[in-house]
Amino acid sequence: MGCKSRALRSGTILEQVQNMLGTIKNLVLGAIVLCVIAPTAIAQVSWADAMVDAKRLDFGVIATGSEAVKVVTIKNTTQYPIHISSISTGCRCAEAGEPGTRLIQPGEKTSMEVRMNTRSFKQQRDTSLSIYFDAPQFAEVRIPVSAYIRTDVVFEPGKVDFGKLDFLAGKTTTVRIAYAGRQDWKIKNVKITSPELTAVLRETTRSGGTVAYDLEMTLAPETKPGRVRDIVTLVTDDASNPYVPLIVEANIVPDITISNPNIAIRSLKPGQTTTVRLTVQGNKPFLIEDVDCQKMNDCFEVKMNDKENKVQIVEMQFTAPDKPGKFNEEMIVKVKGRQEVLKFMVSGSITGG
């Protein structure tokens, strides 16, 4: 009996030791797995986060009906192409637009717009923007989004939109501002940062706690061609939230453009010549004063028309210099009566003699 009892105890101790060794083995294996997986997970988050410029989208205090837009830019800083698989927001109060491209090559970038829905949603809104990547490996970037949409101030329309304009056209447009609340509420000032914008504010009604203004905005004719996006700020007498932003947008189209901004010259030996033509078009008759470049000015002989026309054809005779190799030269066109110049590129190669 005594021997059997000792044998049983010995078996029990052996089982306990085996179980303990098994537990230690599992802990070691778990630690190894964590060491392998955790850096990978951290890498997935870090490489994606580093490429997105926005860490938080805070729209601040905005008016009902206003256009509220922020731009998120993604730059591929890796050595591999990256692919955006999907984009989503946690609430319909924020809407994400389609990026310029979903496949971003190394060194390239793309952007997307995020808009607050100020007509369907009111007061404090907190949500997030999620950007998912599936190449070169999976990752998610989540950006907090917040805004406070005022219910007492309404814009109609929701932004100052000058639309598409020809250069030197200029334009004036009006936004109506309605307020409901204090009888003595006032807009004290309109802050403008762009020298091309001017504002005239007129109070139109004040009765029974409602106030209305007309904000007349003018875009100067001298505004440079390209897309215009700015913000004017209404300064009110509210103690807690005195500032109300209003987006300004326009697209200025050049009235004079170069039809062939990239001219390729055939391969030449030093001293050989060739002639290329530059075509410049305008909405109205104009005159070209000069065509010039900095580095290869002696290589070009230019013939220009001395009469104003809507279409100008400039002949350029190029003589290859005694400097073999490829060249890519920026040239400028000076139009009579204009300070702004037009630019185009001329490229080619000079072979050995």
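Every number in this text was worked out from the coordinates using simple rules, so none of it is lab data. The shown structure was predicted, so the numbers you read here are calculated from the model rather than taken from an experiment. Neighbour counts are summed over all protein chains in view; Cβ atoms, including those assigned to glycine, are modelled from backbone coordinates with ideal geometry.
A compact table of results
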read-out: For the stretch 159-253: Kirkwood Rh in Å [reciprocal of mean 1/r, alpha carbons]; value: 14.2 Å
read-out: Farthest positive-ward along the chain dipole, Cα basis, beta-carbon charges - from Leu129, Tyr213, Asn283; value: Leu129
read-out: Lysines whose Cα lies under 22 Å from that of Lys307, excluding same-chain neighbours fewer than 8 positions away; value: Lys284, Lys334, Lys336, Lys343
read-out: Which labelled figure in [x] 0.96; [y] 1.23; [z] 1.00 is Rg/Rh (Cα atoms, Kirkwood Rh), once derived from the coordinates; value: [y]
read-out: Amide H contacts under 5 Å for Asp166, placed H, 5+ residues apart; value: Val253
read-out: Gaussian network model of the chain, springs between alpha carbon atoms under 10 Å - residue of Arg102, Arg266, Arg119 with greatest fluctuation; value: Arg266
read-out: In Hz, Karplus ³J(HN,Hα) per residue of the stretch 69-78 (6.51, -1.76, 1.60; θ = phi - 60°; x = Gly, Pro); value: 10, 10, 10, 10, 10, 10, 10, 7, 9, 8
read-out: Total charge dipole magnitude, the chain, about the Cα centre, Cβ charges on Lys, Arg, Asp, Glu only, Debye to nearest 20; value: 1200 debye
read-out: At 0.890 mPa s and 25 °C, Stokes diffusion of the stretch 88-242 via Kirkwood alpha-carbon radius, µm² per second; value: 131 µm²/s
read-out: Mean-position separation - Cα centroids, the stretch 106-160 and the stretch 58-86, in angstrom; value: 7 Å
read-out: Residues with amide H under 5 Å from that of Ser128, placed H, sequence gap 5 or more; value: Gly90, Cys91, Val145
read-out: Pair Thr205, Thr101: separation of 7 Å Cα→Cβ label points (nm); value: 5.2 nm
read-out: Gaussian network model of the chain, Cα within-10 Å springs - most flexible of Thr210, Thr273, Thr78; value: Thr273
read-out: Amide H partners (placed H, <5 Å) of Glu289, local residues excluded; value: Lys334, Val335, Lys336
read-out: Relative pair counts by distance (%), Cα atoms of the stretch 38-179, 10 Å bins; value: 11, 34, 27, 19, 8, 1
read-out: Relative exposure of Glu140, Glu196, judged by other C-beta atoms within 10 Å (fewest first); value: Glu140, Glu196
read-out: Quotient of Cα Rg and 2.2 N^0.38 Å for the stretch 256-350, N being how many residues it contains; value: 1.09
read-out: Relative contact order computed over the chain (Cα-Cα under 8 Å; 6+ residues apart), in percent; value: 12 percent
read-out: Rounded Å value of the spacing that divides the Cα centres of the stretch 287-312 and the stretch 194-216; value: 49 Å
